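Engineer: My questions will all concern the structure given below.
Throughout, read-outs are computed from the coordinates displayed, never taken from laboratory work. Model, not experiment: these values are computed from the prediction. Ideal geometry is used to build each Cβ from the backbone, glycine not excepted, and the neighbour counts take in all protein chains shown.
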Amino acid sequence: MPDIIFMLLIFFMVTTVMREYEGLDVIMPRAKMIEKLESKRHTTYVWATKDGLISVDDRIIHINDLAGLMYNKVAKDPKVTVSLKSDEKTTMKLITDIHTQLRTANALKLSYSALTKKPGS
Amino acid sequence: MIKKKRRPPQEINSSSMADIAFLLLVFFLVTTTISMDKGISLVLPSEGNELEVNRKNIVNILMNESGKVLLDDKPTRVEAIHGIVERKIAGNPNLIFSVQTHPRTKYQDYLRVLDQLKEAKATKISIANPPAF
């Protein structure tokens, strides 16, 4: 009996995908109609702060470099979804620039990361 | 001669190993699902692909810097958007909703509008090209 448990344990230890990044300090916005990300493996995270900083893979990058970076990611994985983690107070100028960069790189699947809205808010 | 009774070889009771294994197992069962991020999904329009769409099938949603919304040139409350959009879709399932924001619009407000559109089950959502300022 304990052998079975050990096997299952090893299985879960292997399949748990640990967070590989820290990300930037953002206050996440809240929304109601949020859906789960399709697949964790085909996801790349883009962080955006309200001061205009952008970070991908734990590196702060310039907005104009985003397209090139994403183009490489799309080339490696055409099904990649971009999960945009932006502070709720970010201005749309930055978001629109991100949109443009993503469109140039043909990274069209986007998910605006958000937390569930508290009921009654 | 004192015969020491030979103690039987001590065995550590290993039944508690199974308990530890159970606990660790439950821990991993729980933690494998925690980091699933959630968000509002959207497909961006591909670049340069300005499709010719019948103007009747487009609903323009404009947002200004304070988060106020103009739906079809009518000022609308954000919470009322999903109701209006639902009715519009019922009338024309091919409607495309184009969202246009001001560079100083707050992301939270934009997301609230998207949230309303998603709540109304709008499938054709497009982000308008920002006008050259």
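Engineer: Could you give me the radius of gyration and the Dmax of the stretch A:50-94, taking only the C-alpha atoms into account and expressing both in angstrom?
Structural biologist: 11.5, 32
Engineer: For helix A:2-15, report the angle its Cα long axis makes with the longest principal axis of the Cα atoms of chain A; keep it between 0 and 90° and round to the nearest 10°.
Structural biologist: On a 0 to 90 degree scale, this one is about 10.
Engineer: Would you mind calculating the relative contact order of the stretch B:58-127 from Cα pairs under 8 angstrom and at least 6 residues apart, reporting the percent as a whole number?
Structural biologist: The normalised contact order for the stretch B:58-127 reaches 41 percent.
Engineer: Let me know the volume per residue of the alpha-carbon convex hull for the stretch B:58-127, in Å³.
Structural biologist: Enclosed volume per residue, from the Cα hull, is 72 Å³.
Engineer: OK, next. Can you give the Kirkwood hydrodynamic radius of the stretch A:21-116 from its Cα pairs, in Å with one decimal?
Structural biologist: Result for the stretch A:21-116 stands at 13.4 Å.
Engineer: Grab the eigenvalues of the alpha-carbon gyration tensor for the protein assembly as shown, scale each by 5, take roots, and send me the semi-axes largest first in whole angstrom.
Structural biologist: Each semi-axis is √(5λ); the values are 50, 21, 17 Å.
Engineer: What average count of beta carbons from other chains do you get within 10 Å of the Cβ of residues in B:63-73?
Structural biologist: 0
Engineer: Which of A:MET28, B:MET63 comes first, and how do the rest follow, when ranked by fewest Cβ neighbours within 10 Å?
Structural biologist: Going from least to most buried by this count: A:MET28, B:MET63.
Engineer: Let me ask something else about it. Can you tell me the relative contact order of the stretch A:21-116? Whole percent, Cα pairs under 8 Å, sequence separation 6 or more.
Structural biologist: Value for the stretch A:21-116: 39 percent.
Engineer: For peptide A:80-93, compute the average count of partner chain beta-carbon atoms within 10 Å of each residue's beta-carbon.
Structural biologist: What the average comes to for A:80-93 is 5.
Engineer: Still on this structure, please answer the following. Quick one: order A:HIS62, B:HIS82 by neighbouring beta-carbon count within 10 Å, fewest to most.
Structural biologist: A:HIS62, B:HIS82
Engineer: Oh, and also: Taking every residue in A:33-46, how many Cβ atoms of other protein chains lie within 10 Å of its Cβ, on average?
Structural biologist: Taking all residues of A:33-46 together, the mean is 3.
Engineer: Once every DSSP H run of n ≥ 4 in chain A is given -39500 (n - 2.57) and the sum is divided by its residues, what mean residue ellipticity at 222 nm do you get, rounded to the nearest 500 deg cm²/dmol?
Structural biologist: Computed ellipticity for chain A at 222 nm equals -10000 deg cm²/dmol.
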